[in-house]
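I have placed the structure first, in the form of structure tokens, so that the comments after it can refer back to it.
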Ligand SMILES: [Fe+2]
């Protein structure tokens with residue numbers, strides 16, 4: 001075989017590598033969507049458990065209730081994106097234990113009635129989710145699914161709003177907590 005004869009094979013190989021690269025990005029993206037679905041599912045359960053302990057803090061209670069509803073919408077959006085790429089919805093329901101364990105480090109336990117601890121945990125959780133949606137948006141582009149970015153950025157905006165609200169209300173929540181304790 002001459003060097004010339006090997007050239008097409010090399011070209012084919014190169015093309016194959018490129019395709020493999022693109023498929024790899026899609027694989028990472030789909031895994032990321034499933035991971036974030038697990039994070040949202042975890043958030044829904046955690047907020048549900050915490051809500052009963054937040055009734056003495058009406059503003060916080062209302063915000064957390066909205067955040068739970070938004071988490072349900074965000075999980076449904078992730079399901080839709082997975083379906084769009086031919087990934088079974090049932091696959092999204094698998095718990096991604098390691099990852100959720102990492103984020104759940106922020107979440108503490110739902111039975112904890114220390115509202116400050118829960119607010120700090122929620123703030124950390126939001127920061128994780130903002131970063132996660134930012135990463136998913138970049139992965140969507142790398143995987144050739146730029147059309148997914150709008151919905152991912154909508155979820156990111158919602159996380160940002162909640163994170164900002166929590167951040168700006170920490171002093172007031174501390175005051176409310178101390179007033180409750182003194183009562
Ligand atoms: Fe969320």
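The values are calculated or read from the model by the stated rules, or taken from the named source; none is laboratory data. Since the model is a prediction, treat every value here as computed from it, not as a measurement. Neighbour counts run over all protein chains shown; Cβ positions are idealised from the backbone, glycine included.
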Practice prompt. For region 27-59, enumerate the residues that are under 20 Å from residue 155 (Cα atoms), in contact (Cβ under 8 Å) with a residue 40 or more places away in the chain and away from the ligand (no atom under 16 Å from the Cβ).
Written response: 28, 29, 30
Worksheet, complete the sentence: Restricting region 91-148 to residues that are at pLDDT 90 or above and in a loop (DSSP other than H, G, I, E, B), the one surrounded by the fewest Cβ atoms within 10 Å (Cβ to Cβ) turns out to be 144
Discussion item. Among the residues in region 2-25, are any farther than 30 Å from residue 180 by Cβ, within 15 Å of the ligand (Cβ to nearest atom) and modelled with pLDDT of 90 or more?
Written reply: no
Practice prompt. Could you identify the single residue in 62, 76, 88 that is at pLDDT 95 or above and within 27 Å of residue 147 (Cβ to Cβ)?
Written response: 76
Fill in: Residue in region 67-78 that is surrounded by the most Cβ atoms within 10 Å (Cβ to Cβ), counting only those that are within 16 Å of residue 163 (Cβ to Cβ) and without any contact (Cβ under 8 Å) to a residue 60 or more places away in the chain
71
Worksheet item: Consider residue 170 against the criteria (1) buried (at least 19 other Cβ atoms within 10 Å of the Cβ); (2) more than 16 Å from the ligand (Cβ to nearest atom): it satisfies all of them except one. Which criterion is unmet?
Response: (1)
